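Peer 1: Okay, handing you the structure first.
The values are calculated or read from the model by the stated rules, or taken from the named source; none is laboratory data. Bear in mind that the values here come from a model prediction, so they are computed numbers and not experimental data. Note: ideal-geometry Cβ built from the backbone for every residue, glycine included; neighbour counts use all protein chains shown. The area values use the complete protein model at the heavy-atom level, side chains included, leaving out ligands, DNA and RNA. Shrake-Rupley method; radii C 1.70, N 1.55, O 1.52, S 1.80 Å.
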Amino acid sequence: MIKWKVGVFARIRPARKGRRLAPYRVFVGEDGVPQHVELTMPQGQALTGGPSAPPRATFSYNRVFDQTESQDVVFRTVARDVLLSGLEGYNGTVFAYGMTGSGKTFTITGGKQYRTRGIIPRAISTLFEEFDRRPDHTFKCYISYLEIYNESVYDLLDRSHAHKPLEEWDKIHLLDTRNGNMHLRDLRVYEARTEDDALNLLFLGNANRVTSETPQNLASSRSHCVFSFTIESRHLESDVVKTSKVHLVDLAGSERVAKHGLPTTREARVRSKEGRYINLSLHYLQQVILALRERDGGRAHIPYRNSVLTSVLRDSLGGNCRTVFIATLDLEPQYVEESLQTCRFAQRCGMLSQDVAVNEERDFNLVAKRLAKENARLAAQLEAVQRNGTLLNANRALTPDERRTCEELLARYIKTESGDTLLPIEDLALARECTALLRDAVRRGVRAAADASTEAGLLSARLRELGVVAEEQRAQLRRYKRQVGDLEETIAA
């Protein structure tokens, strides 16, 4: 188990055509990448917090993406590592959070052009490319796609929804399991065998999403959507299966209904009701984040049950999950205050950390199949041995040719340098003979080694004796030299 610090990123939406953004500044951190954003309130407005609040506010994140950053850079920085860790058995979640019209759905799903694909289609492509790069593993990929609309959960992959109004859609029911997890009853899960299968499921779900026109966005997502991968991976030579869930979450955008006045039409009242549900669920999401921050201080209760959103994503919030947030910012002057709220929420999320571990277990069905296969193989071998009478003739006398064969096999075996070479013998009588020959060869080697050791001992003793004699002769020679010297002195005198 390892400690995972929640990652937080910010992305600035470009100005709409004919508009401009309020003053802001992005600057790099110690790592040399953009990590800080400074927002400035437009003239005539003040930061929330009273008249003494400063006109500027600076926020720090893992990375800040300015207006010109591409979809590919965002995916590789924010989501790719979380996705690939799913192949190793780690759960992961990517949240897109921000006000309506700030670019959440564009970031998660993408635009109409291929180069503007969002995180989900790029994740699908990356996942199946990675499957192909690992031929020593087997993978299975399952996909589900749900939306939370007005505190009700719906299956976006139910094909019957295309022919029904939203009021007639079947709802998904939330059930608590015995181990404390949340189960979504009747939510369809489809196996995707190819990248095309997964993309078709994505397109089907996107076609069923609830969108409406709002003052900020002509096609605003009016529901929270969760696109989920369930990944099973196993090495071909292992019976351990790693399972993970990776959620890509497009949260509905928060909005200030009061800014647009009281609704006067039926459609406006519907939009107002949707906005209240969205804001309330995001409020409860913030409550959960605040409670998780206080968990290290001893707080025990986390209010997951206050909303469907936090109930569904309970494991992603404070559970066994690698979680990251990307906050999308709309810095047009009239929306700076909402973007400031988004920045504050994202910064609070960056203070969280979670314990994460690999989800793995043995596939006992696979273990049983392997044991059955091994049992069948051994039974077949035993039957073959009994059929050939090998066991009954293990003590039979060998012919001279068979003895020579054993001697040749043993000679080749002894000369082979490889340590794991086995004698290619199936007949037990031949095996007994080879074993006897090997035993004799070992005994001869032991006796030869003992004889050599004895001979070495004798030679060593003889060398010591010769050393003693040589030393005595050297001493005698020294005496002779002294006597000769004495005689020379006497003659000289």
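Peer 1: Sort R193, R63 by accessible area with a 1.4 Å probe, largest first.
Peer 2: Working: R193 180, R63 50 Å².
Descending order: R193, R63.
Peer 1: On to the next question. Compute the distance from the alpha-carbon center of the stretch 121-193 to that of the stretch 472-493, in whole Å.
Peer 2: 112 Å
Peer 1: When the helices in the chain are scored as -39500 (n - 2.57) per DSSP H run of 4 or longer and the sum is shared across all residues, what 222 nm value do you end up with, to the nearest 500 deg cm²/dmol?
Peer 2: Taking each H run of at least 4 residues, the total per residue is -14000 deg cm²/dmol.
Peer 1: Please give the solvent-accessible surface of M351 in Å², to the nearest 10, using a probe radius of 1.4 Å with every protein chain present.
Peer 2: Rounded to the nearest 10, that gives 110 Å².
Peer 1: Under a Cβ-Cβ cut-off of 11 Å, what is the net charge of the residues other than C349 that fall near it, where Lys and Arg count +1 and Asp and Glu count -1?
Peer 2: Every neighbour counted, the sum reads +4.
Peer 1: Note the listed values [x] 54.5; [y] 25.4; [z] 23.8, then indicate which one is mean projected area of the Cα convex hull in nm² calculated from this particular structure.
Peer 2: Step by step, mean projected area of the Cα convex hull in nm² for this structure corresponds to label [x].
Peer 1: Do you know the relative contact order of the chain, to the nearest whole percent, from alpha carbon pairs under 8 angstrom that are 6+ apart?
Peer 2: Worked out over the chain, it gives 21 percent.
Peer 1: Can you give the local net charge around R19? Use residues other than it whose beta-carbon is closer than 14 angstrom to its beta-carbon, Lys and Arg +1, Asp and Glu -1.
Peer 2: +2
Peer 1: Just read off the accessible area of S453 with the full protein assembly in place, 1.4 Å probe, to the nearest 10 Å².
Peer 2: Estimated to the nearest 10 Å², S453 gives 80 Å².
Peer 1: I've got another one for you. Counting DSSP beta bridges with both partners in the chain, what percentage is antiparallel, nearest 5?
Peer 2: 70 percent
Peer 1: Can you tell me which aspartates and glutamates have their Cα less than 13 Å from the Cα of K5? Leave out same-chain residues fewer than eight positions away.
Peer 2: Of all the aspartates and glutamates, those that pass the test against K5 - Cα under 13 Å, at least 8 places apart if same chain - are D355.
Peer 1: How about K369: which aspartates and glutamates have a C-alpha closer than 13 Å to its C-alpha, ignoring those fewer than 8 places off in the same chain?
Peer 2: D239
Peer 1: Here's something else I'd like to know. Greater than 23 Å separation of Cα atoms is the criterion. Which listed pairs, K112/K171; K104/K171; K140/K245; K17/K104, meet it?
Peer 2: The pairs that break the limit, which is 23 Å between Cα atoms, are K112/K171; K104/K171.
Peer 1: If ligands, DNA and RNA are left out, what is the accessible area of L463 with a 1.4 Å probe, given in Å² to the nearest 10?
Peer 2: Estimated to the nearest 10 Å², L463 gives 120 Å².
Peer 1: Largest first, what is the accessible-area ranking of Y61, Y114, Y480 with a 1.4 Å probe?
Peer 2: Details: Y61 20, Y114 165, Y480 120 Å².
Sorted descending by solvent-accessible area, the residues read Y114, Y480, Y61.
Peer 1: Another question, then. Let me check something: with ligands and nucleic acids excluded, how do R464, R188 order by accessible area (1.4 Å probe), largest to smallest?
Peer 2: The most accessible residue leads, giving R464, R188.
Peer 1: Among the lysines, which have Cα under 24 Å from the Cα of K164 when same-chain residues fewer than 8 positions away are ignored?
Peer 2: K273
Peer 1: Okay, moving on. If a helix is a whole DSSP H run, which ones in the chain reach 30 Å or further along their own axis (Cα) and hold a mean Kyte-Doolittle hydropathy of at least -1.0?
Peer 2: Length and hydropathy pass: 266-293, 364-387, 428-492.
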